[in-house]
1. Has the range 177-197 got any residue that is away from ligand 1 (no atom under 15 Å from the Cβ), among the charged types (D, E, K, R) and open to solvent by 10 Å² or more (accessible area, probe 1.4 Å)?
2. In the set Glu12, Glu7, Glu57, which member is open to solvent by less than 10 Å² (accessible area, probe 1.4 Å) and at pLDDT 95 or above?
3. Identify all residues within the range 119-146 that are more than 16 Å from ligand 1 (Cβ to nearest atom) and not in a helix (DSSP H, G or I); write none if there are none.
4. So which of Gln89, Gln116 is of a type in the set (S, T, N, Q), closer than 17 Å to Trp148 by Cα and not in a helix (DSSP H, G or I)?
5. Select from the range 347-363 the residues that are surrounded by 19 or more Cβ atoms within 10 Å (Cβ to Cβ) and either among the acidic types (Asp, Glu) or away from ligand 1 (no atom under 16 Å from the Cβ) (or both) and list them in ascending order.
6. Test Glu67 against the criterion of being touching a residue at least 24 places away in the same chain (Cβ under 8 Å), of a type outside the set (A, V, I, L, M) and in a helix (DSSP H, G or I), and give yes or no.
7. Can you run down the residue pairs with Cβ atoms below 6 Å, 6 or more apart or on separate chains, where the first is in the range 227-253 and open to solvent by 50 Å² or more (accessible area, probe 1.4 Å) and the partner is at pLDDT below 95 and more than 16 Å from ligand 2 (Cβ to nearest atom)?
8. Taking the range 72-89 only, how many residues are modelled with pLDDT of 85 or more and over 10 Å from Gly115 (Cβ atoms)?
Amino acid sequence: MKILSIETSCDETAVSIIDATGDFPHATYDILADALWSQIETHREYGGVYPMLAKREHTATIIPLLEQVTKDAFGPGDEQVFDPVTPDQRQNLEKIFSREPELVEYVSTFHETYGQPPIDLIAVTSGPGLEPALWVGVNVAKALSFLWDIPVVPTNHMEGHILASIYDADRDNMLSDIAFPATALLISGGHTELITMSNWGSYEKIGQTRDDAIGEAFDKVARLIGLPYPGGPEIGKLAALARKQKLPAFVTLPRPMLQSGDLDFSFSGIKTAVRYAVEDKTLSDNDRAALARDFEDAVTEVIIKKTATAVSESGTQTLVVGGGVANNTYLRQQMNAYFLLNFPDVTVYFPQPGLSTDNSIMIALAGHARANNPLSPAGATAIRADGNKALA
Ligand code: KG4
Ligand code: ZN
């Protein structure tokens with residue numbers, strides 16, 4: 001089964017073509033083509049992601065990426081000339097792209113140039129994420145489903161993050177055989193959640209942030225100390241430097257919610273403490289590095305302790321960590337070391353390089369997980385982008 005997957009939930013436009021052999025979850029995956037365009041440079045000057053700007057960028061880049069993966073997967077094609085889009089087809093495209101009118105032309109030209117590639121299914125992120133951004137991917141999926149007459153699976157971005165973490169490129173590109181129930185820790189720019197996964201596709205949220213997501217806290221603290229967006233990787237680099245140089249603490253930061261008696265998180269207090277600590281001060285490079293380290297220490301401790309409580313309360317033997325912040329080297333090291341020492345029977349999964357932050361391979365996996373229940377092209381017209389889409 002060849003799956004075209006599309007991800008446009010935030011500030012990465014990503015498109016892949018993946019050949020799945022076998023049924024989920026025992027399939028092997030052959031990545032035929034994978035393309036990703038990061039909008040980070042565009043958003044950097046504003047210090048964060050603006051949904052309408054993200055939408056504009058997705059609209060401009062999605063069809064060039066689609067062309068690239070089509071060529072990479074199936075060759076440049078011959079000199080064949082395909083039928084032009086008919087007036088009826090065009091009318092329907094205009095309806096689909098009523099809010100992204102440029103895409104009528106882009107998709108028509110793509111269709112007239114490439115015809116119908118041998119793709120069986122389209123998987124597209126329909127949420128959670130920034131709605132104007134999500135709609136671009138969703139509407140392109142609808143348009144291709146209509147033109148090619150193939151089904152669509154709307155996928156959950158967070159399910160994608162979970163599956164990406166247990167995807168094992170070293171072992172025949174399969175998902176790992178994990179023991180259930182599993183605990184999933186999702187840490188990204190928009191989410192901080194603990195989830196019990198009782199089986200494949202079956203999720204229950206057991207804890208979440210009450211304010212900022214952890215990635216958001218990384219980004220905001222980075223901004224406070226004068227580092228560019230996205231702040232997560234920048235803080236990680238500086239914090240490593242501070243540890244190497246054994247810089248003394250710049251500030252003592254709180255460890256919120258450790259005594260809350262539940263599995264919820266809160267990160268806005270840590271951010272506010274950083275704001276007070278830097279107010280009216282001129283920071284030296286060492287101050288910045290020490291602060292980055294103090295912050296990373298605080299959030300890592302909270303994440304580990306809460307996750308340990310979740311794991312011990314539920315008695316699970318599998319911990320799956322996913323999302324952009326799972327890229328953080330220190331958090332990974334500390335978490336692996338902590339669980340090895342305190343929960344030696346628990347297997348901890350982190351995503352492989354390139355699969356922590358947003359990508360479309362994870363969306364192909366999430367699409368394949370639900371491939372036996374796709375929507376027909378007619379049914380796909382009802383897909384809506386849902387910024388708060390829940391894992392279910
Ligand atoms: O999963 P993701 O790519 O997008 C969302 O779904 O939100 O996560 C992006 C977040 C950003 O807040 C970014 O700063 C953070 O992940 N991030 C990191 C690192 N790499 C990305 N945070 C800490 N350390 C990193 N190395
Ligand atoms: Zn994400």
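The values are calculated or read from the model by the stated rules, or taken from the named source; none is laboratory data. Treat the numbers as computed from the prediction; the structure is a model and nothing was measured. Glycine also receives a Cβ, built like all others from the backbone with ideal geometry; neighbour counts cover every protein chain displayed. Just so you know, the surface numbers come from the protein's heavy atoms only, side chains and all, with ligands and any DNA or RNA stripped out. Shrake-Rupley method; radii C 1.70, N 1.55, O 1.52, S 1.80 Å.
1. Yes: the range 177-197 contains one or more residues that are away from ligand 1 (no atom under 15 Å from the Cβ), among the charged types (D, E, K, R) and open to solvent by 10 Å² or more (accessible area, probe 1.4 Å).
2. Glu7
3. Once the filter is applied, which keeps residues that are more than 16 Å from ligand 1 (Cβ to nearest atom) and not in a helix (DSSP H, G or I), the range 119-146 yields Ile119, Asp120, Leu121, Ile122, Ala123.
4. Working: Gln89 fails: not in a helix (DSSP H, G or I).
Exactly one of Gln89, Gln116 is of a type in the set (S, T, N, Q), closer than 17 Å to Trp148 by Cα and not in a helix (DSSP H, G or I), namely Gln116.
5. Val348, Asp358
6. Criteria met by Glu67.
7. Correct list of pairs: Pro228/Arg44.
8. Of all residues in the range 72-89, those modelled with pLDDT of 85 or more come to 72-75, 82-89.
If we keep only those that are over 10 Å from Gly115 (Cβ atoms) too, we end up with 72-75, 84-89.
Result for the range 72-89: 10.
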